[in-house]
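Quick notes on the structure that follows.
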Number of protein chains: 2
Amino acid sequence: MKKLINKPEDLVRESMAGLALAHPDIIKARFDPNIIYRADAPVENKVAVISGGGSGHEPMHTGFVGQGMLDAACPGEVFTSPTPDQIIEAARMVHGGRGVLNIVKNYSGDVMNFQMAAEILSAEGIACANVLIDDDVGVRGGVSTQGRRGVGTTVVAEKICGAAAEGGYDLERLEQLCYKVNLRGRSMGIALSSCTVPVRGIPTFELGDREMEVGIGIHGEPGYERQPLVTADAITEIISRAILEDMAYKRLVPTWDKASGSWVDKEITSEPYQPGDRLLAMVNGMGGTPLAELYIIYRKLEEVCQKAGLEIVRRLVGNYVTSLEMQGCSITLVKMDDELRQLWDFPVKTPALRWGV
Amino acid sequence: MKKLINKPEDLVRESMAGLALAHPDIIKARFDPNIIYRADAPVENKVAVISGGGSGHEPMHTGFVGQGMLDAACPGEVFTSPTPDQIIEAARMVHGGRGVLNIVKNYSGDVMNFQMAAEILSAEGIACANVLIDDDVGVRGGVSTQGRRGVGTTVVAEKICGAAAEGGYDLERLEQLCYKVNLRGRSMGIALSSCTVPVRGIPTFELGDREMEVGIGIHGEPGYERQPLVTADAITEIISRAILEDMAYKRLVPTWDKASGSWVDKEITSEPYQPGDRLLAMVNGMGGTPLAELYIIYRKLEEVCQKAGLEIVRRLVGNYVTSLEMQGCSITLVKMDDELRQLWDFPVKTPALRWGV
């Protein structure tokens, strides 16, 4: 294992400290429980937007805290859910009197812990909505999680909901907006190499010299197929076909019900793509892949979308949802409308995403 | 070799095409010769700032083209100098009537080709100044290049000179400014792994499971020492000590002399650091290193600088000067003054660096 770290158990804390030192005008860090929060929090009279999840996916989520995006992020240990006390403390610190939207990736630990936090916060009188992101079409039959995993669409939901919160949306409208983004987003990834969780010290999985894992999870969860490594163009076609051909996906998702103060399974259905749709496209590096390669993928993705009658109107190419030093990439497509596009373009100032300010 | 590419010989062109497709509001691409240039070029009544060098270091230089930074970048093949015709064509396309500043990294091929281009452009009546960046203190005794190599300070010079050009500096003042940045900047890198140039297909060098290369070059040039891998904190101390203890470095550098229309060796001397200095610090990933690890390095760097009585006033943490998928990092420090700081803060809108707009 070759990493630029000190003790594996200090990785999250030291990285958070460095992040806060490097961006003192944007964020602050606090420890035990570990939280990265906006330097100007709490922002009064605004719904607070919070996310969190295991570390090792940087810049997600800590790099997305700041004006126009998250109010706080709760980083768990590497590939480990944040604890309820982190989430509760973050909400207490940053809520500005209009409630809290938690954007939660669909992993059982995250779902459970955000649920516990929401119950306690609601009892304290802090209105709370949890919305799950479950956009990973690489999950077929749900190998290691319940339903689809939450991956790249999370970044888009955090940007768009952060902008909407800044623009005055109330909690209920914000909750609906976040559902909308999730229902319009789909992602899939492939890996060329494994990654090593520092406290374990050995690669999460083994992959042959000429193999790739198709449908990989961001924690190294196995994909739906192991294939011989093919060209960038062929990889782009495999991923984009899986995304574009994914039809209406109907499922029951635990949904926080404010009236009863508990979770209720609610049926939701993803919206399939239609010719004429306008898309946001993200080509995401897994951490160990050069930027030049991601642009090769993007080039082909634009061609594939054009052929399908889809227009890419916004793009993000780079490392946004990583898996430590894994080589590979994922593609996320989100169907846009005027509302989503305006919110996407809204100024944002975070360590990892910044424009307009 | 595992890469997200098609044919190795198409890498540069396809990656450029993807970059241009992903950032249509900022840049355009043209091919044969290969140039990335500002979408709004030529900008009249402004000195054009151009850079270039081998590909494989993305986002440098193509990702730094745009408002407030470069007018054009000339990407060579992977780890290969751009050709004179690329540089000449770029200058012809983007110059706005007030001359061209070429920011050149100190590698013999780059120096030679920018020289040939400047001679021809000057003969055409396009005023041209070439300024070399030679900031790599990892070169001791000049193993594989003449003098010190140009690395991280190049990014800072491109940002600051791009802002100054936008702000109305004439060519002579801009040339002096670029010298100033170079004399105030120092860098050094370490590698935990090698990288593979696609057309070669085998790693540039071999490194043991528990080894690191100290003073590594961005093309995999050997460093000054191979050591057992140590902690992130110890690595930060090794690099920052090498930078901070580097004294006045006197050398002859080829300098373009407009009067005679030829290169003249000019003596230049780097400025050593003094307690009380205010610094810009860049912690740069080599391409295969997770962002979380770079922030661990930054955390320690801030501590080391504080102890030395130096104040970091501006920072950049991320992948800016990469070496394909190499694991490792480099640190760049540049002594700032009010002029440099104001120019650093000037709005910039490029694919890889953006703020204020």
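The values are calculated or read from the model by the stated rules, or taken from the named source; none is laboratory data. A quick note: this is a predicted structure, and the numbers were derived from the prediction, not measured. For neighbour counting, all protein chains shown are included, and Cβ atoms are generated from backbone atoms with ideal geometry for every residue, glycine included. For accessibility, only protein heavy atoms count, side chains too; no ligands or nucleic acids. Shrake-Rupley method; radii C 1.70, N 1.55, O 1.52, S 1.80 Å.
See the values below:
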quantity	calculated
Highest-MSF residue in chain A out of A:222, A:24, A:82 [GNM, Cα springs under 10 Å]	A:24
Approximate shape of the range B:60-195 as ellipsoid semi-axes (Cα gyration tensor, √5λ), whole Å, largest first	24, 17, 14
Exposed GluC sites (Glu not before Pro) absent - longest run of chain B, DSSP non-H/G/I/E/B, at most 16 other C-beta within 10 Å	B:246-357
Pairwise label distance in nanometres, residue A:252 with residue B:313, each label 7 Å out on the Cα-Cβ vector	6.2
Whole-percent carbon and sulfur share, accessible surface of chain A, 1.4 Å	49
FRET efficiency, residue A:205 to residue A:345 (Cβ-Cβ, R0 41 Å, nearest 0.05)	0.55
Loop-exposed trypsin sites (Lys or Arg not before Pro) per DSSP, neighbour cap 16 Cβ within 10 angstrom, longest uninterrupted part of chain B	B:1-139
Chain A: calculated mean residue ellipticity at 222 nm from DSSP helix runs of at least 4, using -39500 (n - 2.57)	-9500 deg cm²/dmol
Cross-link pairs A:300/B:7; A:180/A:250; A:2/B:300; A:3/B:105; A:349/B:349; A:2/A:159 - those with Cα-Cα distance over 23 Å	A:3/B:105; A:2/A:159
Considering only chain B, percent of DSSP beta bridges that pair antiparallel, nearest 5	60
All aspartates and glutamates inside 15 Å of residue A:307 as judged from Cα atoms, apart from same-chain residues fewer than 8 positions distant	A:233, A:237, A:245, A:277
DSSP beta bridge pairing in the protein assembly as shown, given as percent antiparallel to the nearest 5	60
Drop in accessible area of at least 20 Å² in the complex versus isolated chain, residues of the range A:288-309, 1.4 Å probe	A:288, A:290, A:291, A:292, A:293, A:295, A:296, A:298, A:299, A:302
Cα-only radius of gyration and Dmax that characterise chain A, units Å	18.9, 55
Solvent-accessible area buried by A and B, counting both chains, probe 1.4 angstrom, square angstrom	4400
For q = 0.05 Å⁻¹, Debye-computed log10 I/I(0) when each Cα of the protein assembly as shown counts as one equal scatterer	-0.22
Residue-averaged beta-carbon neighbours from other chains (10 angstrom radius) around A:18-31	4
Accessible surface, per residue, of the protein assembly as shown when the full set of protein chains is kept, probe 1.4 Å, Å²	33
Members of the range A:313-330 that become less accessible by 30 Å² or more once partner protein chains are added (1.4 angstrom probe, chain alone as reference)	A:315, A:325, A:327
